[in-house]
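Written out below as structure tokens is the structure these notes cover.
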Amino acid sequence: MHDETERLILAAIPLGAPRVDALLDEVVAVLRAEGLILAGFLQERQPDGEVRIRDLATGGAQGITQRLGPGSRGCKLDPQALAGAAAGALATLGADPDLLVIPRFGKAEAEGHGLRAVIERACERQIPVLVAVRQDSRPAWDDFTGGLAEELPLDRGAVLDWCRTACRRSQKSNLTPCASGSFAE
């Protein structure tokens, strides 16, 4: 059995509902108002279907999808854009933010790419990480986190409580990197 402090580095919110992006927006706004320093990204879907991520450290936004043309059924994620975003996020971790927010653990991360290195570096630095996990990527997430996922409700109050507790404990304790908690819908 794992003790509670091991569950305060990573948290996952399930992706099956469109409200996860709105929830992350709300949580980020509240935590910033409380004075926490945040890194990572929020995801925004544009009316034309383009997906953009907004950098929480710089405020900049960039597209992470590519136009594949009519009738295309392939993945629209732009791996180069995501790699560029990851490089920027890795640099911001040197400032030791209170919390890292990652809007998706999806196919790219499941395959060892995307923002996975950012999550790993945050764990190494014992920076708490809040992540939304795609349902089809859940087995890869469980492998990545060692199966230590703690299930919590997809609820603003529960997410805020976890973030506050994780940030407090990471500042006061020597936590075990890459333990996890997760939110169940």
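Leaving ligands, DNA and RNA out of it, rank THR58, THR145, THR165 by accessible area with a 1.4 Å probe, largest first. Each step should come with its number before you reach the end.
Values: THR58 100, THR145 5, THR165 40 Å².
The ordering from most to least exposed comes out as THR58, THR165, THR145.
Taking the Cβ of GLU120 as the centre, find all other residues whose Cβ is under 15 Å away and add up their charges (Lys, Arg: +1; Asp, Glu: -1).
On the way: positive: ARG116, ARG121, ARG125; negative: GLU109, GLU111, GLU124, ASP143.
Result for the neighbourhood of GLU120: -1.
Expressed as a rounded percentage, what relative contact order does the stretch 18-163 have, with Cα pairs under 8 Å and six or more residues apart?
On the way: 191 pairs, mean separation 30.9, N = 146.
Relative contact order here is 21 percent.
Looking at the stretch 92-153, which trypsin sites (Lys or Arg not before Pro) are in a loop (DSSP not H, G, I, E or B) and have at most 15 other Cβ atoms within 10 Å? Show your work: numbers first, answer last.
Details: sites: ARG104, LYS107, ARG116, ARG121, ARG125, ARG134; in loops: ARG125, ARG134.
Counting only loop positions with at most 15 other Cβ atoms within 10 Å, the trypsin sites (Lys or Arg not before Pro) in the stretch 92-153 are ARG125.
Report, as a whole number in µm² per second, the diffusion coefficient that Stokes-Einstein gives for the stretch 31-117 at 25 °C and 0.890 mPa s using the Kirkwood radius over alpha carbon pairs.
178
The values are calculated or read from the model by the stated rules, or taken from the named source; none is laboratory data. Computed from a predicted model, the values in this text were never measured in an experiment. So basically every Cβ, Gly included, is an ideal-geometry build from the backbone, and we count neighbours across all protein chains shown. We work out accessible area using only protein heavy atoms, side chains counted, and drop any ligands, DNA or RNA first. Shrake-Rupley method; radii C 1.70, N 1.55, O 1.52, S 1.80 Å.
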